[in-house]
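The values are calculated or read from the model by the stated rules, or taken from the named source; none is laboratory data. Owing to the predicted nature of the structure, the values given are computational and were not obtained by experimental measurement. Cβ: placed from backbone, ideal geometry, glycine included. Neighbour counts: every protein chain shown. For accessibility, only protein heavy atoms count, side chains too; no ligands or nucleic acids. Shrake-Rupley method; radii C 1.70, N 1.55, O 1.52, S 1.80 Å.
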Amino acid sequence: MTLPYLAYGSNLLTSRLAARCPSARAIGRAMIPGHALDFSKHGRDGTGKATITQGAATAPGVLFEISAADIPALDAAEGAGMHYEKIEIMLATGQRAFTYRALMRQVGLTPFEWYLALIRAGRREHGLGLDDLAAITPIPDPQPDRPGFIAAREALERAGYRDWRAAL
């Protein structure tokens with residue numbers, strides 16, 4: 001059995017999501033009406049992570065199918081119940097999918113460069129626009145051996161980026 005999952009942040013990059021959920025298969029682009037993307041989720045590393053918030057905007061995403069057996073690994077990676085809540089969302093097509101939304105938000109957070117590179121690379125991979133990300137100025141990660149940074153570089157390399165900075 002597979003379930004529809006809507007990615008809008010770093011999981012947009014198929015190689016990143018597949019490392020967490022080997023069964024993940026992209027179905028196509030999706031729009032999330034009444035929601036905007038921002039970086040107000042306080043990450044474990046102190047930086048801003050992507051979340052969706054209700055508003056007048058429409059946030060872009062990608063609909064994936066994921067095997068039910070892979071969902072616990074995705075829940076763990078997303079910190080479901082601790083950092084993000086798992087929600088059901090209605091897409092512009094009327095289809096329902098599950099996704100994650102930050103449990104708590106903090107204004108003024110900034111993402112690391114590698115994190116924003118994952119999102120931009122995922123958007124390019126799936127033909128989504130980058131305009132709403134143009135005003136985001138990420139910060140360099142002072143710890144190149146950070147596990148998240150290493151995993152991001154590996155996912156970007158699997159996606160064809162010889163230098164992860166090219167995704168910025």
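Below are the figures for this structure:
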| item | result |
| --- | --- |
| Solvent-accessible area, 1.4 Å probe, carbon plus sulfur percent, for the chain | 54 |
| Cα Rg over Rh - the range 3-90, Kirkwood | 0.94 |
| Heavy-atom accessible area order for LEU168, LEU17, largest first, 1.4 Å probe | LEU168, LEU17 |
| Area accessible to solvent at ASP132, 1.4 Å probe radius, in Å² | 80 |
| Where the range 1-76 is the region considered: accessible area per residue in Å², 1.4 Å probe | 38 |
| FRET efficiency estimate (nearest 0.05) - Cβ-Cβ, ASP45 to GLU85, R0 22 angstrom | 0.60 |
| Segment ARG146-THR93, extension gain: residue separation times 0.36 nm, minus the distance between their alpha carbons | 15.2 nm |
| Candidate values [x] 1, 9, 19, 23, 24, 16, 7, 1, 0; [y] 2, 10, 20, 24, 20, 14, 8, 3, 1, 0, 0; [z] 1, 8, 15, 18, 19, 16, 11, 6, 3, 1, 1, 0, 0, label of the one derived for P(r) over Cα pairs in 5 Å bins from 0, in percent | [x] |
